[in-house]
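Scroll down for the structure; my scribbles are underneath it.
The values are calculated or read from the model by the stated rules, or taken from the named source; none is laboratory data. Small disclaimer: the values here were computed from a predicted structure and weren't measured. When we count neighbours, we look across all protein chains shown, and the Cβ atoms used for this are built from the backbone with ideal geometry, even at glycine.
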Amino acid sequence: MTPEESNRSLSAIQIDALREVGNIGAGNAAIALSQMVDKKVDLSVPKAILLPLVGVPDLVGGPETTVAGVYLNIAGDCSGSILLLLEKESATLLAGLMVPGELDKSGEIGVVKRSALQETGGILSGAYLSALGQLTGLFFKPSVPGFAMDMAGAIIDYVLVDLGATEDQVLVVETDFMVSGIKILGHLILFPDLGTLATILERLGVPFE
């Protein structure tokens, strides 16, 4: 992809194609999450947007907002990274569903619940990548997920340092999960390496013109 292409907005057709990937991925993720918590999981229609890197922290209230992040590298036919961002309240609620019980006395999410969030983030990210692979015919191999609870700006900075040279825009798929009446908002963010987004859109039949 050329610099001019990477700065372009997605067309309505491209957004629809990526939203369809999000629909299938979120559906797969809802089934997996339902099995993990043994509760019914409903989800909203995902939103798909292309966003400048500098705008990512604003998704969760700004760079100083504390969030939970689950991060995976992607290898295979296309490379990059994927990050699941959960606002602290959503992360706390999800952790409570995964591992019932009280929070630590410090008010923080304990080691066991962090591990559960890490596992859940890996499953949700994997569900999206699986859907993307099914629709594009591309092979995506995710790494073992890493977990951090930190300010959004610090997590994004870590991802960018780890990635090196990338596109200057990221693909964000946002969806709400309702688990037994509890709303959990997640932001799944794809950090594509140079050319990856163009390859994905071309395989989806909606290439950059």
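Filtering segment 128-150 to residues that are assigned to a strand (DSSP E or B) and in contact with a strand residue (DSSP E or B) (Cβ under 6 Å, 6 or more places away or on another chain) leaves PHE140, LYS141, PRO142, GLY146, PHE147, ALA148, MET149. Number of residues in segment 153-202 that are within 13 Å of the chain's Cα centre (by Cα), more than 28 Å from PRO100 (Cβ to Cβ) and assigned to a strand (DSSP E or B): the value is 8. Scanning segment 162-209 for residues that are of a type in the set (Val, Ile, Thr) and closer than 20 Å to THR66 by Cβ yields a count of 4.
Is it true that PHE147 is among the aromatic types (Phe, Trp, Tyr), within 21 Å of LEU10 (Cβ to Cβ) and either modelled with pLDDT under 90 or in contact with a helix residue (DSSP H, G or I) (Cβ under 9 Å, 6 or more places away or on another chain) (or both)? For PHE147, the condition - among the aromatic types (Phe, Trp, Tyr), within 21 Å of LEU10 (Cβ to Cβ) and either modelled with pLDDT under 90 or in contact with a helix residue (DSSP H, G or I) (Cβ under 9 Å, 6 or more places away or on another chain) (or both) - is not met. The single condition among (1) aliphatic (A, V, I, L, M); (2) closer than 16 Å to PHE140 by Cα; (3) more than 19 Å from the chain's Cα centre (by Cα) that VAL206 does not satisfy is (2). If the condition is being surrounded by fewer than 16 Cβ atoms within 10 Å (Cβ to Cβ) and aromatic (Phe, Trp, Tyr), then segment 133-175 contributes only PHE139. Taken over segment 29-49, the criterion of being over 21 Å from ARG203 (Cα atoms) and not hydrophobic (A, V, I, L, M, F, W, C) is satisfied by SER34, GLN35, ASP38, LYS39, LYS40, ASP42, SER44.
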